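Here is the structure we will look at, set down as structure tokens.
Here, each number is a calculation from the coordinates, and none is a lab measurement. Everything numeric in this text was worked out from a predicted model, so none of it was measured. Reconstructed Cβ throughout: ideal geometry from the backbone, glycine too, with neighbour counts over all protein chains shown.
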Amino acid sequence: MTHIKKSQVPVETVGPGLTRQIMGHDSDLMLVKVNFEKGAIGEPHKHPHHQVSYVIEGKFDVTIDGVTKTLEAGDAFVVPTEVMHGAICTEKGILIDTFSPAREDFLE
């Protein structure tokens, strides 16, 4: 697909207070919109994908490799491959996550 309408993309619940929409992907790249309720936790994890994320709205305490920073709308973060990372939403928000290559595990 080359043109994607958000109304046509399924919303998946992926944890308490967390939903995601896979907004587009091919084998090399994936764009994911993640909605967080206040207090929702993106549990610490790691993966072999490159990741860059952008904070659309809200506030997040983002931990990457043991270092935590508070990020808000307009901020971004980069996660190297195989590095432990996670986020706690302190003010209801939205992240846009990009992955390279695409997260095949999200498509299962």
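Taking the Cβ of residue 93 as the centre, find all other residues whose Cβ is under 14 Å away and add up their charges (Lys, Arg: +1; Asp, Glu: -1). Charge balance near residue 93 sits at -2.
Estimated purely from DSSP H runs of n ≥ 4, each contributing -39500 (n - 2.57), the mean residue ellipticity at 222 nm for the chain is -500 deg cm²/dmol once divided by its residues. A cut-off under 12 angstrom between Cβ atoms defines the neighbours of residue 46, and their net charge, with Lys, Arg +1 and Asp, Glu -1, is -3.
Taking label points 7 Å from Cα along the Cα-to-Cβ direction, residue 8 and residue 26 give a separation of 1.8 nm.
Near residue 60: Cβ cut-off under 14 Å, other residues only, Lys/Arg at +1 and Asp/Glu at -1. The net charge is -4. In a simple Cβ point-charge model (Lys, Arg +1; Asp, Glu -1; nothing else charged), the chain has a dipole of about 340 debye relative to its Cα centre. Using the Cβ-Cβ distance between residue 72 and residue 46 with R0 set to 22 Å, the FRET efficiency from 1/(1 + (r/R0)^6) comes to roughly 0.35.
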